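The values are calculated or read from the model by the stated rules, or taken from the named source; none is laboratory data. Fair warning: this is a prediction, and the values are worked out from it, not measured in the lab. Here Cβ is always computed from backbone atoms with ideal geometry, including for glycine, and neighbour counts include all displayed protein chains. What goes into the accessible areas is simple: the full protein's heavy atoms, side chains included, and nothing from ligands, DNA or RNA. Shrake-Rupley method; radii C 1.70, N 1.55, O 1.52, S 1.80 Å.
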Amino acid sequence: MNKRTIIFAVGILLGLQQIHAETWSLRRCVNYAIENNISIKQRENVKRQQELQLSNAKNSRLPNLDASASQNFSFGRGLTSDNTYTNKSTSSTSFSLGTSVPLFTGLRIPNTIKLNQLNLEASTADLEKAKNDISVQVAQAYVQILYNLEIADVARRQISIDSIQEVRLQAMIDNGKASEAELAQQRATLAQSRLTATQAQNQYDLAVLTLTQLLELPSTDGFTVERPNVGKIANSTEKYSVEAIYAEAIGVKPEVRAEELRLKGADYNINIARSGWYPQLSLSAGLGTNYYKTSGFKGESFSDQIKNNFSQYIGLNLSVPIFNRFQTRNSVRSAKIERETQQLQLDNVKKSLYKEIQQACQAANAASAKYASSIEAGNSSNAAYRLMQAKYENGKANITEFNEAKNNLMKAESDLVQAKYEYVFQTTLVDFYRGKAIDF
């Protein structure tokens, strides 16, 4: 490996480390996923293909231009240059240049152009839908990381409390005010707290892995997320109305827009099929010349024949359909069936969207109530813990009672963390259906 290769490899590694060393906000995660997700890149390629199809449809109005040249050899009886037949070998060389321009195609060309324009717009909407889907997945994974972070914090606080109590009990044993059994019980409680913290860390690592995979990052090394101040977010008491949210969503969601565009395209597809009933008119023109030689006969030179045989032509070509075995009729019927199918697809997308919004609104309203109840439960558990801590420190409660109050507090804090992030995600999701960007 040469020096330049080593420097290049080190540069890449440093670049990756720099990417991972920075703290990732939700907005940065979403933008990065959109730029690097493979499914989105595939959708972008589909859109590029639609752009090319639209270009082809527009260019079909232009005249074509074809040049040709041929060389023929004939042996035996054949036609000579003086228009008689003889048993002589002959050869001919010809050149031609021709063009054709469609004048009237039963409106097939303008309808095809409009159809491809609609298909391009629908493909653009599909791309936007793919971006929205990855944004929701990233947001969900991001919230899961935040939740696991706070659960890990709760677990570490529990270890801190249990460690303090272990030291306190050891001091009480030294002074003859506590038993070895109480110390053993506290050590078992501390061990359980450490196990809980380990499990919380494992869940956090798994959540980080899920998000980095969505971002197409090579590893999770050094990856950390930014902790937003969700306390300012999770304070709304708004009750979400399904009908109101749906009325907003139906006008902004790209999946609905895509199917509406395809439904319009189905109408143009019917018109394209109907063009088979109309006459077709085209203009053609061309240039040509040839050279002819018969073995044993002395004719004009190549240059003279090419010049003297030069010809031009121009003409109109009209084709009137009379009977084509009902192909046009069946094509029109097929196009109408496709339109009915597309209408059903649009209706299905709208119904699916309505169901999604129903679930999202229900979940958001339930999360709001759960969050409010969790705050109340957390305050009560904290007050109970403070009272029990005071009683325990004054010798009016035993370690079992203290641990019970502590465990109740830890559970209340965990429930509050879960309720908070569930509420944040569900309300963000509802706002997303309204057309707002995912961010907090």
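Quick notes
- The gain in end-to-end length when the residue 65 to residue 226 segment is fully stretched comes to 51.8 nm, 0.36 nm per residue minus the alpha carbon separation.
- Between residue 216 and residue 326, the simple label model (points 7 Å from Cα in the Cβ direction) yields a spacing of 5.1 nm.
- Accessible-area value, residue 124, 1.4 Å probe, nucleic acids and ligands omitted, Å²: 50
- Among the listed pairs 41/420; 264/351; 355/411; 355/420, a Cα-Cα separation exceeding 26 Å is found for 41/420; 355/411.
- A 1.4 Å probe run over the protein chains yields, for segment 124-219, 48 Å² of accessible area per residue, whole-number rounding.
- Under 19 Å from the Cα of residue 177 - lysines, other chains or at least 8 residues apart: 391, 396
- Under 5 Å from the amide H of residue 74 lie the amide H atoms of 90, 91, each residue being 5 or more positions distant or on a separate chain, with H modelled from the backbone and absent for Pro and chain starts.
- Segment 274-321: equivalent-ellipsoid semi-axes (sqrt of 5 x gyration tensor eigenvalues, Cα, Å): 40, 12, 6
- On full extension, the segment bounded by residue 352 and residue 96 gains 86.1 nm, given 0.36 nm per residue less the C-alpha separation.
- Estimated 222 nm signal from helices in the chain, with DSSP H stretches of n ≥ 4 weighted -39500 (n - 2.57), rounded to 500: -24000 deg cm²/dmol
- Sequentially through segment 28-41, phi angles give Karplus couplings (6.51, -1.76, 1.60; θ = phi - 60°) of 5, 4, 5, 4, 5, 5, 5, 6, 10, 5, 5, 4, 5, 4 Hz, Gly and Pro residues having no value and appearing as x.
- Each residue of segment 272-283 was assigned a 3J(HN,Hα) from its phi angle through the Karplus expression (A = 6.51, B = -1.76, C = 1.60, θ = phi - 60°), giving 5, 5, 5, 4, x, 7, 9, x, 10, 10, 9, 10 Hz with x at Gly and Pro.
- Each of residue 198 and residue 75 was given a label point 7 Å from its Cα along the Cα-to-Cβ line. The distance between the two points is 9.2 nm.
- With every protein chain in place, the chain: carbon and sulfur % of accessible area (1.4 Å): 53
- Among (i) 24.0, 72; (ii) 39.3, 138; (iii) 57.8, 180, the entry derived from the coordinates for Rg and Dmax of the Cα atoms in Å: (ii)
- Angle between the chain longest axis and helix 180-214 axis [Cα atoms, degrees, rounded to 10]: 10
- Relative contact order computed over segment 365-440 (Cα-Cα under 8 Å; 6+ residues apart), in percent: 38
- The modelled label-to-label distance for the pair residue 136/residue 206, using points 7 Å beyond Cα in the direction of Cβ, is 2.3 nm.
- Surface accessible to a 1.4 Å probe, residue 297 within the full protein complex, Å²: 110
- On the beta carbon distance between residue 436 and residue 282, with R0 = 45 Å, the FRET formula returns roughly 0.25.
- Computed lengthening from residue 180 to residue 168, 0.36 nm per intervening residue step minus Cα-Cα distance: 3.1 nm
- Placing +1 on the Cβ of every Lys and Arg and -1 on the Cβ of every Asp and Glu, with no other charges, gives the chain a dipole of roughly 1800 debye about its Cα centre.
- Put simply, segment 163-287 fits an ellipsoid with semi-axes of 72, 23, 13 Å; these come from the alpha carbon gyration tensor as the roots of five times its eigenvalues, largest first.
- Cα centre as origin, Lys/Arg/Asp/Glu Cβ charges: segment 169-268 dipole, Debye: 220
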